[in-house]
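One structure is given below, encoded as structure tokens.
Computed from the coordinates by the stated procedures, all read-outs in this text should not be read as laboratory data. Note that the coordinates shown come from a computational prediction; the quantities given were computed from them, not determined experimentally.
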Amino acid sequence: MIRLLKIALVLLGVPVFILSVLGLFWLANNPANPSYAYMLYPILVGIYLSTIPFYIALYQAFNVKVGLNFPVLVGLDFPVSSHYSKPTAPTRRRSFMR
């Protein structure tokens with residue numbers, strides 16, 4: 001499942017990277033209407049700045065190793081593989097207002 005997640009993240013990241021490197025440079029050099037070119041540059045800067053949090057989120061999602069406990073997420077009560085830990089007994093919460 002983790003491999004599928006990483007493949008999906010790569011498939012999300014590659015088109016955005018290609019569009020931001022090739023497509024936006026082409027758009028900056030060839031505006032549709034040259035008289036409105038001065039309005040194009042702030043929009044391009046905004047697009048480039050919005051890719052920064054996008055790639056930070058992709059990087060963080062790519063580094064997820066076994067943090068996803070898939071059987072618990074879908075409601076299955078059997079472990080998919082041996083690396084999932086068994087649930088522990090609940091502990092008694094201590095109250096700060098005694």
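Once phi is turned into θ = phi - 60°, what whole-Hz ³J(HN,Hα) does the Karplus curve with 6.51, -1.76 and 1.60 give for every residue of the stretch 43-56, x standing for Gly and Pro?
5, 5, 5, x, 5, 5, 5, 6, 6, 5, x, 4, 6, 5
Any idea what % of Cα-Cα pairs in the stretch 2-68 are farther than 19 Å?
Summing the P(r) of the stretch 2-68 above 19 Å gives 46 percent of all pairs.
Give me the extension gain from residue 8 to residue 43: residue separation times 0.36 nm, minus the current Cα-Cα distance, reported in nm with one decimal.
9.8 nm
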